[in-house]
Amino acid sequence: MESQPPGRYQASGVGRRRVLGLALGAGLAPTLTSAAQSTHAAPASFPSSALGRRVAAVAAAQIGVPYAWGGGDRLGPSLGFCDDQNGYLNGVCLGESTVGYDCSGLSLYCWYRASHGTVELGHYTGAQFHRGAPVERDALAPGDLLFFSRPDAPLHHVGVYAGDGAMIHAERTGTLVARVENVLEIPRWAGEFAGARRPGPITV
């Protein structure tokens, strides 16, 4: 699991690093508290349960795709990159040679594909947390996005709720997109659960 800096990824590695660095320098990484305060409700045309099931189905179809830091867009898996901290495994940069998804790239693609382009999320966990309506844990439905954070720290991970307590996610460099059963019963994930969101059909 790797912390994800703010900003949308650009076409080139140099451009991406520059934009991300500027965003970090501006102090744009939201803590859980600031993110929760700026969350707004989804529009009246709230996504249907059928759309949520399609999101979960698209996510399930990505199981086995490699993790790539910075990877994933509206078209599916894409080439990742490495920055100062992320994209490495045992000191070796895998991001620049791996086509795949990072956590928010996966959720971005799943919602865009399932909604036929009517829901476009930012390629950043914090931006995705700001979208849509909060969903209580006992009301989770397939397609909802699950977010994770440590106390008073920026959100660092997002996964797609698959139903029946399971989450599909892209976790970290060196792993594949995978399904985790009973995710919120696992101490590691339950302890960092920051809330869930159900994106609405608007673009950002």
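The values are calculated or read from the model by the stated rules, or taken from the named source; none is laboratory data. Since this is a predicted model, take the numbers as computed values, not measurements. A quick note on method: Cβ atoms are made from the backbone with ideal geometry, for glycine too, and the neighbour counts reach across all protein chains shown.
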Query - Tally, over segment 87-126, of residues that are surrounded by 20 or more Cβ atoms within 10 Å (Cβ to Cβ), over 15 Å from the mean Cα position of the chain (by Cα) and over 27 Å from S49 (Cβ atoms) - result: 3
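If you scan segment 133-167, which residues turn out to be farther than 25 Å from N86 by Cα, among the basic types (K, R) and assigned to a loop (DSSP other than H, G, I, E, B)?
The answer is none; no residue qualifies.
What residue, among those in segment 168-182 that are assigned to a strand (DSSP E or B) and either over 12 Å from the mean Cα position of the chain (by Cα) or of a type in the set (K, R) (or both), is farthest from G95 (Cα to Cα)?
Going through the qualifying residues, I end up with V180.
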Requested in this report: Determine, yes or no, whether G165 is in contact (Cβ under 8 Å) with a residue 12 or more places away in the chain, buried (at least 18 other Cβ atoms within 10 Å of the Cβ) and on the phi > 0 side of the Ramachandran plot.
Outcome: no
Report summary line: Given the conditions (1) under 18 Å from A50 (Cα atoms); (2) without any contact (Cβ under 8 Å) to a residue 24 or more places away in the chain, every one holds for E181 apart from (1)
Query raised in the report: Is it fair to say Y9 is touching a strand residue (DSSP E or B) at 6+ places or on another chain (Cβ under 9 Å) and either modelled with pLDDT under 95 or farther than 23 Å from P199 by Cα (or both)?
Result: yes
Requested in this report: Can you work out which of the residues in segment 44-86 that are at pLDDT 95 or above and of a type in the set (S, T, Y) is surrounded by the most Cβ atoms within 10 Å (Cβ to Cβ)?
Outcome: Y67
Requested in this report: With respect to R150, determine if the residue is surrounded by fewer than 20 Cβ atoms within 10 Å (Cβ to Cβ), within 21 Å of R53 (Cα to Cα) and among the basic types (K, R).
Outcome: no
Requested in this report: Kindly indicate whether any position in segment 62-83 is farther than 19 Å from L176 by Cα and over 16 Å from the mean Cα position of the chain (by Cα).
Outcome: yes
